[in-house]
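Enquirer: Sharing a structure below in structure tokens format, with a few things to ask.
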Protein chains: 2
Amino acid sequence: MKKLEEIAKLIRYYILTSATEAGSGHPTSSLSATDLMTALLFGGFFRFDLDNPDHPNNDRLIFSKGHASPLFYALWTVAGKITEQELMTMRKFDSPLEGHPTVSFRYTEAATGSLGQGLSIGVGMALNAKYVDKLPYRTFVLLGDSEMSEGSQWEAIQIAAHYKLDNLIGIIDVNRLGQRGETMYGHDLTAYKKRISSFGWKTIVIDGHSFKEIRSAYRQAVRSPGAPVMIIAKTIKGKGVSFLEDKDGWHGKPPAKDDLGKAIQELGAVNTSLRAGIPFPEDCIPEQKMPLSAENMQYVPGEPFPTRKAYGKALVRLFPQFPDIVVLDAEVSNSTYSEFFKERYPERFFEMYIAEQNMVGAALGFSRRGKIPFVSTFGAFFTRAFDQIRMSQYSDPNIKFAGSHAGVAIGEDGPSQMGLEDIAMFRTVLNSVVLYPSDAVSTEKLVEEAAKHHGMVYIRTTRQATPVLYPLDEQFPIGSCKVVRKSDQDRITVVAAGITLHEALHAYEELVSEGIPVRIIDLYSIKPLDTVTLREAASRTKAVITVEDHFAEGGLGEAVTAALADSSTSVYSLAVRKMPKSGKPQELLDFEGISRAAIIRKIRELL
Amino acid sequence: MKKLEEIAKLIRYYILTSATEAGSGHPTSSLSATDLMTALLFGGFFRFDLDNPDHPNNDRLIFSKGHASPLFYALWTVAGKITEQELMTMRKFDSPLEGHPTVSFRYTEAATGSLGQGLSIGVGMALNAKYVDKLPYRTFVLLGDSEMSEGSQWEAIQIAAHYKLDNLIGIIDVNRLGQRGETMYGHDLTAYKKRISSFGWKTIVIDGHSFKEIRSAYRQAVRSPGAPVMIIAKTIKGKGVSFLEDKDGWHGKPPAKDDLGKAIQELGAVNTSLRAGIPFPEDCIPEQKMPLSAENMQYVPGEPFPTRKAYGKALVRLFPQFPDIVVLDAEVSNSTYSEFFKERYPERFFEMYIAEQNMVGAALGFSRRGKIPFVSTFGAFFTRAFDQIRMSQYSDPNIKFAGSHAGVAIGEDGPSQMGLEDIAMFRTVLNSVVLYPSDAVSTEKLVEEAAKHHGMVYIRTTRQATPVLYPLDEQFPIGSCKVVRKSDQDRITVVAAGITLHEALHAYEELVSEGIPVRIIDLYSIKPLDTVTLREAASRTKAVITVEDHFAEGGLGEAVTAALADSSTSVYSLAVRKMPKSGKPQELLDFEGISRAAIIRKIRELL
């Protein structure tokens, strides 16, 4: 205990000095959790190979309250993995020690800072340990009290209990104060206990500044079969410095340089040469996968087959080749057809129920443990998880998203179910890949490309059946496109993808019979774009028309227009611009001006 | 009771016949809730002026499980507001009776269909009744059991309890079956009861097919002071038709025409001329607002003042003129500066804690009750509520969003806190307005324009102080822009907004001193765009450069490029294209190539 107290004092010293040096940051939110984290890392509970952060059986620690980064970095300083000099670079331009932890710092499991996301990431890591890798490592998540109001936390809580994740331990730092004053429940620890235990978690309420209580809590937590555990700790924001303790107005604010001395003096004598080790994990390796034989693809040219079904079939076909695949779905596996995979490989399929935020967070957790998560729901419903999607990009993610039911072409179910902003959403993500296949063969091949590619990939699928266009041996590299109709006399270029490619092909037939040749491009890779082919087509035809079953902003049309921004060929975009509604698919394509008739009309207008 | 049974039978008849006629839809999910809704509307509990759906004191009914639309329309048919003939148009192109309810049908309170959103909308309506209009109307929300796994439900549950919304009554139709099989808790009603009551709600567990129990539940629910009430009803999916009852594989599927007769026969004799009234509400009107005198604006030209602070000041200034304003914030009012409004008009300010989804849903509820909600958080965190934002557009919304801390210019806090996809997100929304002021005066004027405009408006504000550029009497109409630097010799046009406008003005000074005149446009209205002025500038200069503190996709650059897609002037977009990180604001603007230096470099390159 004496040692822990000494370490905690040093950590508080590092928190204060590093934050004051940075001139910004959240020292008071760090001080409240200092004793909790000191006891975890240096009290013998956490097991981690400091020289090998990639050890598959390391325990995992996620700071869901990412703003407690001064504490996070101070812990690794005491563990000997950050020098004092490096610590003083916190929040500076060239430092890996960013304002909120990102994977620029190699001991960060996942970037946090948008609140209420860490527990879901932990769920993914714990699911991986228990059901996929079959490893005994534990996942610890430090949570803030303010962030417990995020619904995503309760999604994670319910799923963790459902999957009996007894290898997942949450620690809530109940310091009573949010950014702008008291939280909803203040220091009423019973409020948290009642709610969390009602979902089937074991809960342990403690004084978060008593090492005796903290250690006893961890001892119970690591031996609690059948259910996840939440340690609910009463703490004091700013603990250790009287003029910061439990005070409003000190969120996200370090002491000024002049006050730092006073603050440090209150800590008493500090031994800055103190360093502490962490016990090694058991040297286990992930469960070996059974070798499986590859499967073949079979489609009949011209035969209608929904791309969403081809997505499900592709997962089944590809698993033997990519045994790190796990599949997650939000209770719509019979619509996205991830159910094909579930039927064949039930142990690698995770039903995440209607809780998209937690599903995406858990996928990031799987990805950070070396898996290739394929995550599916309706394209429209990925908007529910935009914040999780956005945040993932800061964690070097390898997540594949499959959004079905794209566009107004779904018909009768109406606008609530239509993915009309999914391309725009996924395009904003740095280095993302956005794919939109038009037939079963290209879907299968693009799912394969997605599995091969390290990074975030979105695959958009269509509800209704579309005819098979491509031969089985056609290749669909990311960043390319297909010129599906072409002649030397082409007057106009039509760029389409998915359902609108079929409309464009119908338009082509009618126009060509009238002696109007047009070039048709299947832009199956919307990001990255095949700029070369687009420029070439633009330079050889009078105009480019884009056609998409998506709102006009941020979709295929703007992507192509941006790529041709320095070309002199005009680009015209046909897209969803009227309030969509229920109706027959073809009626809606006509209504929105993205049907074969609309394409023909536009071409005639331009000639 | 006899009468209710007759009505329920007729409603089941309408559900089956209308869904079979449509050939799609969710009759089984409707049949499970039929008795619950029949008793509510026709058992004397619901009070509603059928000829005046806009009566301010009508009770409100929201179908959060929007897929139960056949039931919803059948209820209004029995109430005499839909003819049998109209009912048979359900899901057809020209019908207001869409696949999931939208406001095309005038008795729909809010469009639903993306699950887990109705309770938040109800929270907004109930907050309005209790704290703003001070009216005795009640808000009823029909919930599905599957959708209870959405985190947004728990956000609504916690806030409703916090605000003691005893005028809010939820009814969960626990029919055990989700889309693809059993829900997480199946028919374990205790699971719901425990969890919901732990949050402070009164819960009533009943048999959802016993009129005796249902009526008793409503009687208790309407007399339950101090807390919201959840009626948790055990029901059978497909209730009333033996071959549909409690069966997997019947979600979202009506009986075929051939089976319809068999289904109807099971109901027994139906009286299709049966119609039923609904008791009138008390004839109350909303509480009158106190007349207040208008306030003035004061800013000193050239003096630095953060636009986020100007936002807060504008709310205070404008309230006397727009007394329907309510302000909601997600626990960051001291960052967004909505706290200025809270301090002045605390009774019109609602702390929604860190739960953005519910905040936006509640804002829609307020909007549907005639208020003008201004909703604020960091721009980045609106991504948390993209699904709610997206869905709002189908409910004729009048919501104003204010996102602070835009872009990499926030500096040290790092990427998790940077709004870098907010413009793209809000641009996708049909008929949305996206505003990005650069100084305090334009912020004040644009908040005023937003209040005047009926519709969804996004206002993006900046963390740090920027100098006041405009005189106090300058006007900023939506859809226009300001040409802030102009000469007849302009070589290049630079289009910027917000923080990058200041970078562009610095670049201008340097270039003009070297004899290189450039045109500078303040594109404060990113949507709608002032296409005329942009075209004019494009036609008079060699190239257009856009500069934005936002990812390259879907932002200002693509908006301008799309607007100039048929012009021959090339457009070059400077935007955030490298992985952002912590650092000083100016370092980051330089790093991303959106600073004054980058603008100058690009201009030199083009000349």
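The values are calculated or read from the model by the stated rules, or taken from the named source; none is laboratory data. None of these values were measured; they are calculated from a predicted model. Don't worry about glycine lacking a Cβ; one is built from the backbone with ideal geometry, like all the others, and counts go over all protein chains shown. Ligands, DNA and RNA are excluded from the accessible area calculation, which covers all protein heavy atoms including side chains. Shrake-Rupley method; radii C 1.70, N 1.55, O 1.52, S 1.80 Å.
Enquirer: Filter the stretch A:116-138 for residues that are open to solvent by 10 Å² or more (accessible area, probe 1.4 Å) and of a type in the set (Ser, Thr, Tyr) and give the result.
Expert: Across the stretch A:116-138, the qualifying residue is only A:Tyr131.
Enquirer: Could you identify the single residue in B:Arg47, B:Arg106 that is open to solvent by 10 Å² or more (accessible area, probe 1.4 Å), closer than 22 Å to B:Phe211 by Cβ, of a type outside the set (Phe, Trp, Tyr) and assigned to a loop (DSSP other than H, G, I, E, B)? Can you show your working first?
Expert: Working: B:Arg106 fails: closer than 22 Å to B:Phe211 by Cβ.
After ruling out the rest, the residue left standing is B:Arg47.
Enquirer: Please verify whether the stretch B:67-75 includes one or more residues that are open to solvent by 10 Å² or more (accessible area, probe 1.4 Å), over 18 Å from B:Lys257 (Cβ atoms) and out of contact with any strand residue (DSSP E or B) (no Cβ under 6 Å at 6 or more places or on another chain).
Expert: Step one: list which residues in the stretch B:67-75 are open to solvent by 10 Å² or more (accessible area, probe 1.4 Å), which gives B:67.
Add one more test, that the residue is over 18 Å from B:Lys257 (Cβ atoms), and what stays is B:67.
Restricting the remaining residues to those that are out of contact with any strand residue (DSSP E or B) (no Cβ under 6 Å at 6 or more places or on another chain) gives B:67.
Yes, there is a match, as at least one residue in the stretch B:67-75 is open to solvent by 10 Å² or more (accessible area, probe 1.4 Å), over 18 Å from B:Lys257 (Cβ atoms) and out of contact with any strand residue (DSSP E or B) (no Cβ under 6 Å at 6 or more places or on another chain).
Residues are listed down the side, and each one gets a yes or a no for (1) within 18 Å of A:Ile157 (Cβ to Cβ); (2) in contact with a helix residue (DSSP H, G or I) (Cβ under 6 Å, 6 or more places away or on another chain):
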| site | (1), (2) |
| --- | --- |
| A:Gln321 | no, no |
| A:Ala330 | yes, yes |
| A:Tyr345 | no, no |
| A:Gly361 | yes, yes |
| A:Ser376 | no, yes |
| A:Met391 | no, no |
| A:Gly403 | no, yes |
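Enquirer: From the list A:Ser438, A:Ser442, A:Ser392, which residue is touching a residue at least 60 places away in the same chain (Cβ under 8 Å) and within 17 Å of the chain's Cα centre (by Cα)? Spell out how you get there, then give the answer.
Expert: Numbers: A:Ser438 fails: within 17 Å of the chain's Cα centre (by Cα); A:Ser442 fails: within 17 Å of the chain's Cα centre (by Cα).
Exactly one residue qualifies, and that residue is A:Ser392.
Enquirer: Of all residues in the stretch B:558-571, count the ones that are facing another protein chain (nearest Cβ under 7 Å) and over 27 Å from the mean Cα position of the chain (by Cα). Show your work before the answer.
Expert: Residues of the stretch B:558-571 that are facing another protein chain (nearest Cβ under 7 Å), as a first pass: B:558, B:561-562, B:565-566, B:568, B:570-571.
Imposing the further condition that a residue be over 27 Å from the mean Cα position of the chain (by Cα) reduces the set to B:561, B:565-566, B:568, B:570-571.
Adding up the residues that qualify gives 6.
Enquirer: Out of the stretch B:113-143, which residues are within 14 Å of chain A (Cβ to nearest Cβ) and assigned to a loop (DSSP other than H, G, I, E, B)?
Expert: In the first step, residues of the stretch B:113-143 are kept if they are within 14 Å of chain A (Cβ to nearest Cβ); the result is B:113-121, B:123, B:143.
Residues satisfying the conditions are B:Gly113, B:Ser114, B:Leu115, B:Gly116, B:Gln117.
Enquirer: Only residues in the stretch A:326-343 that are of a type in the set (Ser, Thr, Tyr) and open to solvent by less than 10 Å² (accessible area, probe 1.4 Å) count as the first member; pair them with residues that are at pLDDT below 95 and not in a helix (DSSP H, G or I), Cβ under 8 angstrom, at least 6 apart or cross-chain, and list the lot.
Expert: A:Ser333/B:Arg180
Enquirer: Inside the stretch A:320-334, can you point out the residues that are touching a strand residue (DSSP E or B) at 6+ places or on another chain (Cβ under 6 Å) and within 14 Å of chain B (Cβ to nearest Cβ)?
Expert: If the condition is that a residue be touching a strand residue (DSSP E or B) at 6+ places or on another chain (Cβ under 6 Å) and within 14 Å of chain B (Cβ to nearest Cβ), then A:Val327, A:Leu328, A:Asp329, A:Ala330, A:Val332 are the ones that fit.
Enquirer: A further question on this structure: Mind counting the residues in the stretch B:154-197 that are of a type in the set (S, T, N, Q), under 19 Å from B:Gly116 (Cβ atoms) and within 11 Å of another protein chain (Cβ to nearest Cβ)? Steps first, please.
Expert: As a first pass, look at the stretch B:154-197 and keep what is of a type in the set (S, T, N, Q): B:158, B:167, B:175, B:179, B:183, B:190, B:197.
Next cut, under 19 Å from B:Gly116 (Cβ atoms) only: B:158, B:175, B:179, B:183.
Narrowing further to those that are within 11 Å of another protein chain (Cβ to nearest Cβ): B:158, B:179, B:183.
Number satisfying all stated conditions: 3.
Enquirer: I would also like to ask the following. Being more than 9 Å from every other protein chain (Cβ to nearest Cβ), in contact with a Pro (Cβ under 7 Å, 6 or more places away or on another chain) and either at pLDDT 95 or above or open to solvent by less than 10 Å² (accessible area, probe 1.4 Å) (or both): is that true of A:Val375 here?
Expert: no
Enquirer: Give me the pairs, please: first residue somewhere in the stretch A:487-500 and part of a loop (DSSP other than H, G, I, E, B), second residue anywhere and among the β-branched types (Val, Ile, Thr) and crowded, with 24+ Cβ neighbours inside 10 Å, beta-carbon distance under 7 Å, and either six or more positions apart or on two chains.
Expert: Note: pairs meeting the criteria are A:Asp490/A:Val518; A:Arg491/A:Val518; A:Ala497/A:Ile526; A:Gly498/A:Thr462.
Enquirer: Is there any pair with a first residue in the stretch A:534-547 that is free of Cβ contacts under 8 Å to residues at least 40 places away in the same chain and of a type in the set (D, E, K, R) and a second that is open to solvent by less than 70 Å² (accessible area, probe 1.4 Å) and outside any strand (DSSP E or B) whose Cβ atoms are under 8 Å apart and which are 6 or more apart or on different chains, and what are they?
Expert: Here the result reads A:Arg535/A:Ala563; A:Arg535/A:Leu564; A:Arg535/A:Ser567, each pair linking the stretch A:534-547 to a residue that is open to solvent by less than 70 Å² (accessible area, probe 1.4 Å) and outside any strand (DSSP E or B).
Enquirer: Of the residues A:Asp396, A:Asp387, which single one is at pLDDT 95 or above, within 12 Å of chain B (Cβ to nearest Cβ) and surrounded by fewer than 24 Cβ atoms within 10 Å (Cβ to Cβ)? Quick ask: steps written out before the conclusion?
Expert: On the way: A:Asp387 fails: surrounded by fewer than 24 Cβ atoms within 10 Å (Cβ to Cβ).
After applying the criteria, what remains is A:Asp396.
Enquirer: Moving on. Here are B:Ser29, B:Ser69, B:Ser24: which of them is touching a residue at least 12 places away in the same chain (Cβ under 8 Å), within 25 Å of B:Gln117 (Cα to Cα), part of a loop (DSSP other than H, G, I, E, B) and touching a Gly at 6+ places or on another chain (Cβ under 8 Å)? Break it down into steps so the answer makes sense when it comes.
Expert: Numbers: B:Ser29 fails: part of a loop (DSSP other than H, G, I, E, B); B:Ser69 fails: part of a loop (DSSP other than H, G, I, E, B).
Just one listed residue meets the conditions, B:Ser24.
Enquirer: Next question, about the same structure. Scan the stretch B:161-202 for residues that are open to solvent by less than 20 Å² (accessible area, probe 1.4 Å) and hydroxyl-bearing (Ser, Thr, Tyr) and report the count.
Expert: 3
Enquirer: If you don't mind, there's one more thing I want to ask. Scan the stretch A:72-103 residue by residue and report those that are in a loop (DSSP other than H, G, I, E, B), away from every other protein chain (no Cβ under 12 Å) and touching a helix residue (DSSP H, G or I) at 6+ places or on another chain (Cβ under 6 Å). Let's see the steps before the verdict.
Expert: Keep residues of the stretch A:72-103 that are in a loop (DSSP other than H, G, I, E, B), which gives A:79-83, A:88-103.
Retained after the next criterion (residues that are away from every other protein chain (no Cβ under 12 Å)): A:79-83, A:88.
Hits for the stretch A:72-103 are A:Ile82, A:Met88.
Enquirer: Looking only at the stretch A:1-25, which residues are more than 29 Å from B:Gln417 (Cα to Cα), touching a Lys or Arg at 6+ places or on another chain (Cβ under 9 Å) and open to solvent by 20 Å² or more (accessible area, probe 1.4 Å)?
Expert: The one that is more than 29 Å from B:Gln417 (Cα to Cα), touching a Lys or Arg at 6+ places or on another chain (Cβ under 9 Å) and open to solvent by 20 Å² or more (accessible area, probe 1.4 Å): A:Met1.
Enquirer: Is it the case, given these coordinates, that A:Asp248 is open to solvent by 60 Å² or more (accessible area, probe 1.4 Å), without any contact (Cβ under 8 Å) to a residue 40 or more places away in the chain and not small (Gly, Ala, Ser)? Can you show your working first?
Expert: On the way: open to solvent by 60 Å² or more (accessible area, probe 1.4 Å): yes; without any contact (Cβ under 8 Å) to a residue 40 or more places away in the chain: no; not small (Gly, Ala, Ser): yes.
The answer is no for A:Asp248.
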